[in-house]
Amino acid sequence: MREHAMRNLAPALLCLLAVACGGDFSNDDLEFQNALPQRQDLAAKLPDAASRSGQGLRSQQVGLQVLGGTSELALQAYAAGTRFNVSVDALLSLLELFRNAPPTTRETDRRIWGPYPDKDHPGHEVRFVMERQGAQFAYLLQYRPTGTREDAWWTYLPGTFKADGGIRKGEGTLALDLKEARGHGFDTGDATSLDRLDIGYQTRALPTRVELLFTGAGATLPLTRYASRQVPEGLGEMAFRLPGQDLVPGGLLETLDILARWTPDGRGVLELNILEGDAKGAKYTECWDSRTRITFLRRNWDFINPTEGDAATCPDVSALVPKP
Amino acid sequence: MTGLVPAPVRGLVTKLRASLPGFGLAFALMSTAAQADTLHRFALIAGNDTGGDDTRPLSYARDDARKMHDLLTRLGGVAPSDAKLLLDDDAKDFLTALSDLEQRARAAQTRGERTALFVYYSGHAKDGALRLGDSRLAFDALKRRLADAPVDIRIAILDSCRSGALTRTKGARKAPAFDVESGAARDARGVVILTSSAADEDSQESDALGGSYFSHHLASGLLGDADRSGDGRVTLFEAYSHAYARTVADTADSSAGPQHPTFSYDLAGNGDLVLTDLRASAEGLVVPGGAPAGSYYFVDPGGLVVAELDKTADTERRVALAPGTYRVKRRMSDRLRIGEVEIARGRTTVLEEPRLKDAPFSDDPVKGAARGRDTWWAFGLTGGYQSFFDAATRQSLFLSVPLFGAEAELHDYFRRDWVWGFDAAMGGTRGVLALPTLAGPTYRYSVVNLGTSLTTEWPLGRVAPFVGARLAYLILGRQFEDAAFPDQRFAMVSPGLVAGARLQLSRSVHLTTRGRLQYLQYNVDAQRSLGYWELAALLTYAP
């Protein structure tokens, strides 16, 4: 009986071991997984005051700014920063889903996740492809109708990454081709007015940089630009250009160029330049305290009383000024 | 009784008497019927499987000693309090025990009792000395000690290699079996020495018998097979002649060649000596005279033959089996007859041969290799080190790690000196990634190493070198401290070779050092053939 049991035990054990062989112990996998930026690295670092004072924009128009009153421009800047973060986060969350799964196919300098059926787009399947050339990585989020040929894959999200800054840090690009998506029958939701969203970033070393470029439907050049920077002192910056704003009464819409900078405790300074429109050439500067109350303002169009408050209350954000 | 001796044997004895002057006279003096025994008997029984560095460990010396102790106390008239059983003890213990028995014997003599001392030894002997582990007891010293013992009769039975050297000066005989004759009862005094082999022969053990040939046949004879006179008592000469004939027959075709027991005597008185009284114990088995003649074997539940019986027609025979259940086998030319008997305590069981059933030879209840009988387990703890040969691999993929674990060894399961091992070990270390595009993340690297191995040993005294093969199941993993990277794991079957040496530190404790060379097929990033080595020390305990 014992011999019989022993005879059966050995092959059973071998079968069990054969099934339990393999795994995901891979250095290359780690390098590919490292070639996607972290969500928090691309997010604009907003001061805590931004969340305390509410992220919703109270008014789309810049109203009368009163010394000691709440800085509507600061709130707008923070709200824009929040929208910026949401946009970036949505893209990176999608990529993170693939990154967190082991690749389906491992080839030399290439990894493929999928194809998987796409629940959000029935009848389509999705895959994520990453390729490596030295320290340069390129990746593609691709879709195709289920059951079609290999050449039917089309790219919804292309990206690049140069991994030379440590854990998931480096320099790269990321884009969302909304026009291509609509061309393949995808519903792009709230983004129908956009053809493309491009993100460029540098997270290798401070000051870090993240830039979003929105290209409107039918446009050949980006219309709207958001940019965010951080420096070692913890200062934050957001620059954005907003065309088509009806800032002052008149027949023309204004194009605003806004540069907002803030300290970690929520104090900030903002410069607004009107590049086009009825108030072209107007320049406005505003400082606020940690409770988003205006402490200083300057208007170049007010010859009688161009400044209010004490300029010394403005925070020192000179570290954000690019070095020549 | 001479009428019972086959004519060819009688003729042979006649020739021997003619060719060896003096032998016939002495033989005649001793070949007397067993007398009613009133001797106060003492027994020293020793068994030792080891014999020092230059000898190969025995398997059954201790078992033989146990059997002999059981026989002498159950059937040999030796009170348990007058018997000493030494297992794996050294020469000093042996002499101490002998002194103790001598004191008792002296006290018995003072009371006017006749005394006899049995000394049985199973173990190694070499270069003119018994080898009790690492200690030695010279033949000459033992003989002098026996000669000086304060007893009337001294009987030494030595089951060891070249033990015939002990009897050589006394006329060791590669003689045929003794002719057991009846005669007047006379007292016997002096020294009797039985050895299992001649001075230039090895004594052989048998896995099938679970003991040495000589001790097995001596014991079987003492249980009844040697009682050729049929008087229910087995005398010294009956037992010896039986053991001699069967040992020579069984070893005739062995690779070591035939083994010839020897016998020496120096009896001042004369007369035979009853070694076992088959009726001393009420229980036993009777094979009635009407049962068919032939060879009967009595097999214990472990598949070992504990007694044999060569029955002649129309003679009742008794086998003094201990209480228990036995399978009875009668070998015929074309088949076996097999049955089971229960020996109850205090009762005599009569074998009913018609109740045995025919069976093919393939159903032989005797285990050919005695598997299970001689296997033994050892359990231990191990510590070692594992490292891959390829530098890049051990620096960035599978790191070098210390391993600690537990092992179990099954010795002599498949065959003698083969060891089936089962091992499990774990290890780990900390690492820092250093890849072309990713450097800096720290992680915990871990190894789980499960394996089974089959090795063959070459015992050389206390040291046993070994080589063999091993099949491992290796589970390698790493956990990153940075949550940016997932845990990784790789598992694979890994064949390899193993070699080393086992050192016996004590009877139950062994220290093993060994090295392994293993192959690993890595198939995640690419198909790569990798090799790694392991060095380890293992401390085992054999219960």
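Structure values in brief
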{"item": "Some residue of segment A:154-166 being in contact with a Gly (Cβ under 6 Å, 6 or more places away or on another chain) and of a type in the set (S, T, N, Q)", "result": "yes"}
{"item": "Where A:Gly68 falls short, out of the listed (1) more than 13 Å from chain B (Cβ to nearest Cβ); (2) surrounded by fewer than 19 Cβ atoms within 10 Å (Cβ to Cβ); (3) under 22 Å from the mean Cα position of the chain (by Cα)", "result": "(3)"}
{"item": "Residue in segment A:69-82 that is within 15 Å of A:Leu46 (Cα to Cα), among the polar types (S, T, N, Q) and touching a residue at least 12 places away in the same chain (Cβ under 8 Å) present", "result": "yes"}
{"item": "Candidate set from segment A:99-114 (those that are within 13 Å of chain B (Cβ to nearest Cβ), more than 18 Å from the chain's Cα centre (by Cα) and surrounded by 15 or more Cβ atoms within 10 Å (Cβ to Cβ)); member that is farthest from A:Phe214 (Cα to Cα)", "result": "A:Arg106"}
{"item": "Count of residues meeting criterion [at pLDDT 90 or above and closer than 20 Å to A:Arg241 by Cα] in segment A:279-297", "result": "8"}
{"item": "Segment A:293-319: number of residues that are surrounded by 13 or more Cβ atoms within 10 Å (Cβ to Cβ) and among the aromatic types (Phe, Trp, Tyr)", "result": "1"}
{"item": "Test for B:Gly302: is it touching a residue at least 40 places away in the same chain (Cβ under 8 Å) and within 14 Å of chain A (Cβ to nearest Cβ)", "result": "yes"}
{"item": "Counted residues, segment B:418-440 - those being at pLDDT below 90 and surrounded by 17 or more Cβ atoms within 10 Å (Cβ to Cβ)", "result": "2"}
{"item": "Counted residues, segment B:472-496 - those being surrounded by 20 or more Cβ atoms within 10 Å (Cβ to Cβ) and in a strand (DSSP E or B)", "result": "10"}
{"item": "Subset tally (residues that are modelled with pLDDT of 85 or more and under 26 Å from the mean Cα position of the chain (by Cα)) for segment B:343-378", "result": "4"}
{"item": "Condition broken by B:Ala322, with the remaining ones in (1) surrounded by 14 or more Cβ atoms within 10 Å (Cβ to Cβ); (2) part of a strand (DSSP E or B) satisfied", "result": "(2)"}
{"item": "Qualifying residue in segment B:504-521 (condition: away from chain A (no Cβ under 11 Å), more than 20 Å from B:Ala408 (Cβ to Cβ) and in a loop (DSSP other than H, G, I, E, B))", "result": "no"}
{"item": "Number of the exception - B:Arg279 against (1) exposed (fewer than 15 other Cβ atoms within 10 Å of the Cβ); (2) on the phi > 0 side of the Ramachandran plot", "result": "(2)"}
{"item": "Qualifying residue in segment B:66-80 (condition: surrounded by fewer than 17 Cβ atoms within 10 Å (Cβ to Cβ) and of a type in the set (Asp, Glu))", "result": "yes"}
{"item": "Residue list for segment A:238-294, restricted to those being in contact with a Phe, Trp or Tyr (Cβ under 6 Å, 6 or more places away or on another chain) and farther than 15 Å from A:Leu75 by Cα", "result": "A:Ala282"}
{"item": "Single residue of segment A:23-41 satisfying the filter (free of Cβ contacts under 8 Å to residues at least 40 places away in the same chain and facing another protein chain (nearest Cβ under 9 Å)) that is farthest from B:Gln395 (Cα to Cα)", "result": "A:Gly23"}
{"item": "Residue among B:Ala499, B:Ala469, B:Ala526 that alone is out of contact with any strand residue (DSSP E or B) (no Cβ under 7 Å at 6 or more places or on another chain), hydrophobic (A, V, I, L, M, F, W, C) and loosely packed, with under 15 Cβ neighbours inside 10 Å", "result": "B:Ala526"}
{"item": "Selected residue (only one of B:Gly221, B:Gly211, B:Gly232, B:Gly257 is surrounded by fewer than 23 Cβ atoms within 10 Å (Cβ to Cβ) and either at pLDDT 75 or above or among the charged types (D, E, K, R) (or both))", "result": "B:Gly232"}
{"item": "Residue ID - nearest to the other protein chains (Cβ to nearest Cβ), chosen from residues in segment A:132-157 that are within 22 Å of the chain's Cα centre (by Cα) and free of Cβ contacts under 8 Å to residues at least 40 places away in the same chain", "result": "A:Gln136"}
{"item": "In segment B:314-368, the residues that are farther than 20 Å from B:Leu278 by Cα, of a type in the set (A, V, I, L, M) and out of contact with any Leu (no Cβ under 9 Å at 6 or more places or on another chain)", "result": "B:Met332"}
{"item": "Selection status of A:Gly266, outside any strand (DSSP E or B) and buried (at least 20 other Cβ atoms within 10 Å of the Cβ)", "result": "yes"}
{"item": "Segment A:290-307, subset in contact (Cβ under 8 Å) with a residue 40 or more places away in the chain and basic (Lys, Arg), residue farthest from A:Thr70 (Cα to Cα)", "result": "A:Arg291"}
{"item": "B:Val493 vs. criteria more than 7 Å from chain A (Cβ to nearest Cβ) and touching a Leu at 6+ places or on another chain (Cβ under 6 Å)", "result": "no"}
{"item": "Failed item in (1) surrounded by fewer than 19 Cβ atoms within 10 Å (Cβ to Cβ); (2) within 14 Å of another protein chain (Cβ to nearest Cβ), with B:Trp458 passing the rest", "result": "(2)"}
{"item": "Complete set of residues in segment B:472-513 that are over 22 Å from B:Ala536 (Cβ atoms) and among the polar types (S, T, N, Q)", "result": "B:Gln479, B:Gln488"}
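The values are calculated or read from the model by the stated rules, or taken from the named source; none is laboratory data. Just so it is clear, the structure is predicted and the values come from calculations on it, not from any experiment. All Cβ positions, glycine included, derive from the backbone under ideal geometry; neighbour counts span all protein chains shown.
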